[in-house]
């Protein structure tokens, strides 16, 4: 399975809260916090429903923000989700 077809899933121990335009993630298992202060990252995480692949999320982001190359958007989305997986906020299935 290639990276684009993997589905990001928020871990059950992670909570999200949107406050003043920033998205805060908290993982109860590891007690890690993460902050997303960028609209694209926030939108991508809101689309992380356990059903959409990274490619589908990237396509929605590309259409909504339509300001960059689709390949760049896809690469950024994959990098973001891989970082969140590394920090145990999500897993990829």
- Full-extension gain in nm, residue 56 to residue 86, via 0.36 nm per residue minus C-alpha separation: 8.7 nm
- Note on the structure: Measuring from the longest principal axis of the C-alpha atoms of the chain, the long axis of helix 54-65 (C-alpha) lies at a number of degrees, nearest 10, equal to 70 degrees
- Query: If you take all C-alpha pairs in the range 28-93, what percent of them are over 18 Å apart?
  - Reply: 34 percent
- Taking a label point 7 Å from the Cα of residue 39 along Cα-to-Cβ, the residues of the range 52-67 whose backbone nitrogen sits under 18 Å from it are 58-67
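Can you compute the helix-only [θ] at 222 nm over the chain? Use -39500 (n - 2.57) per DSSP H run of at least 4 residues, normalise by all residues, nearest 500 deg cm²/dmol.
-12500 deg cm²/dmol
A short reminder: the numbers here are calculations on the coordinates, not readings from a lab. From a predicted model like this one, the values you see are computed outputs, not experimental measurements. Methodologically, a virtual Cβ is constructed for each residue, glycine included, from the backbone with ideal geometry; neighbour enumeration extends over all protein chains shown.
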